[in-house]
Amino acid sequence: MKDDLIGTFKISRLVAADLTGSLDDSGRRELDAWLREADENRVIYREIKEKFTKGKREWLYSEKQVEQQLAIFHKYRTKKTARVLGVWWRYVAVAVLLFSVAGILRWQMDGEGRKQSLVPIEIAQGNAMLVLSTGERIALVDTLQTVCGESSADIQVSGQTISYREENKPVQEQVYNTLVVPRAGEFKVELADGTKVWLNALSELRYPVQFAGGLRVVYLKGEGYFEVASDSEKPFIVKTFVNVDIKVLGTKFNVSAYENDVDVTTTLAEGSVEVILPNERVRISPDEQLVFNKEENSCLLREVDASIYSAWKNGLFIFEDQRLEQIMEQLKRWYEMDVFYSGEEVRNYRFSGDLKKYDSFEKIVKMLEEVAGVKIDIKGKCVTIGAK
């Protein structure tokens, strides 16, 4: 009988998880098996679900009533009459189930029975940070005009742009600054040689305050769009953290090299670049994209519309037959959320379309549901995606 009571509480928790959208695949199988066991189980489930979906929070039994019934149940469990025991057991089981579900639902809402207002998923907030050669960190805000701290550079900040000007004196020592862009951030840096770089959310660029020697080398984590100032005597090299380098003289291209992404992509808009891989070098032309798979150590060269892959710097998300998991990874760099999937197949759903970065997340969800054919549930900052 103890096992039966424990089983009842377990089922109540499965029902509660189902009604609140947090039931995993294993729990779903257990709940479905319980529903198939008896018509009575399906009746209980239907009644609870109807009360929950109607927004009612008044259940059939109070905590005090349940305690009374459990006491009576304890009294009768010592009797030998199976018929009487069966009657009371069914009665108490229903009471325990209803009370347990009600209690779990109240706890998940606010712990005290009051309806908790869900916090909408918002665009993340934060300032870009400039890390000087000394290690000093400076928050870049619109009101900041001049950055002091680098004796060999004239650094100005205006809006979402930081710019460097070369000094008319020889560079004694090449020192580096690092621009760190947070979630949902974007920032532009104009390097001392005239090169312009747009950095996407959750990206970093390490670069010399002034370039010295025969090469112009910068280091990228994340995503950046480069308009490289032409200098035939000083090649410009973008180094990523996975031994993929891009060598150019003067051109426009996009590089996406996030640590959590399997692929490192280089997309050329104008000019010509050479992508230096661990085992080979590949030269790409405008409207071509080289995709390097870090796990398989392989690459793929394909024709694309290069403007799609730089649309992010113009306030747009544009997706062309992309996997849903890839799309959500991009959105996570913009919105404060965690994403879960009901099954592996959902991750591979594909979507084409364009979204505005500054739209509300609810609007984005509606479009994804309509076009990608998925069902998206939001609980706080948790987003669960399943098949319709």
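The values are calculated or read from the model by the stated rules, or taken from the named source; none is laboratory data. All values reported here derive from a predicted model rather than from experimental measurement. Reconstructed Cβ throughout: ideal geometry from the backbone, glycine too, with neighbour counts over all protein chains shown. Calculation scope for accessible area: heavy atoms of the full protein, side chains included, ligands and nucleic acids excluded. Shrake-Rupley method; radii C 1.70, N 1.55, O 1.52, S 1.80 Å.
Scanning the stretch 1-34 for residues that are at pLDDT below 70, over 17 Å from Lys379 (Cβ atoms) and touching a Phe, Trp or Tyr at 6+ places or on another chain (Cβ under 8 Å) yields a count of 2. For first residues located in the stretch 299-313 and under 15 Å from Glu270 (Cβ atoms), partners that are of a type in the set (Lys, Arg) and in a strand (DSSP E or B) and lie 6+ apart or on another chain with Cβ distances below 6 Å do not occur. For beta carbons closer than 6 Å, sequence separation of 6+ or different chains, a first residue in the stretch 181-199 that is closer than 17 Å to Ser232 by Cα and a second that is modelled with pLDDT under 95 and open to solvent by 10 Å² or more (accessible area, probe 1.4 Å), the qualifying pairs are Ala192/Glu166; Ala192/Gln210; Asp193/Phe211.
The condition of being assigned by TED's automatic domain parsing to the domain that holds Lys188, within 31 Å of the chain's Cα centre (by Cα) and in contact (Cβ under 8 Å) with a residue 40 or more places away in the chain does not hold for Val264.
Which residues, counting only those in the stretch 171-218, are charged (D, E, K, R) and open to solvent by less than 30 Å² (accessible area, probe 1.4 Å)?
Residue satisfying the conditions is Arg216 alone.
When you scan the stretch 219-321 for strands (runs of 3 or more DSSP E) that lie fully inside it, which ones turn up with 3 or more residues that are open to solvent by less than 60 Å² (accessible area, probe 1.4 Å) and over 23 Å from Leu355 (Cα atoms)? Counting at least 3 such residues, we get 236-239, 245-248, 273-276, 288-293. Is it true that Leu220 is without any contact (Cβ under 8 Å) to a residue 12 or more places away in the chain and hydrophobic (A, V, I, L, M, F, W, C)? No: the conditions fail for Leu220.
Criterion applied to Glu369, Glu345, Glu329 was being in a helix (DSSP H, G or I), open to solvent by less than 60 Å² (accessible area, probe 1.4 Å) and closer than 24 Å to Tyr258 by Cα, and the one residue passing it is Glu329. Among the residues of the stretch 144-156, is there at least one that is under 30 Å from Asn260 (Cβ atoms), open to solvent by less than 50 Å² (accessible area, probe 1.4 Å) and of a type in the set (A, V, I, L, M, F, W, C)? No, there is no match, as no residue in the stretch 144-156 is under 30 Å from Asn260 (Cβ atoms), open to solvent by less than 50 Å² (accessible area, probe 1.4 Å) and of a type in the set (A, V, I, L, M, F, W, C).
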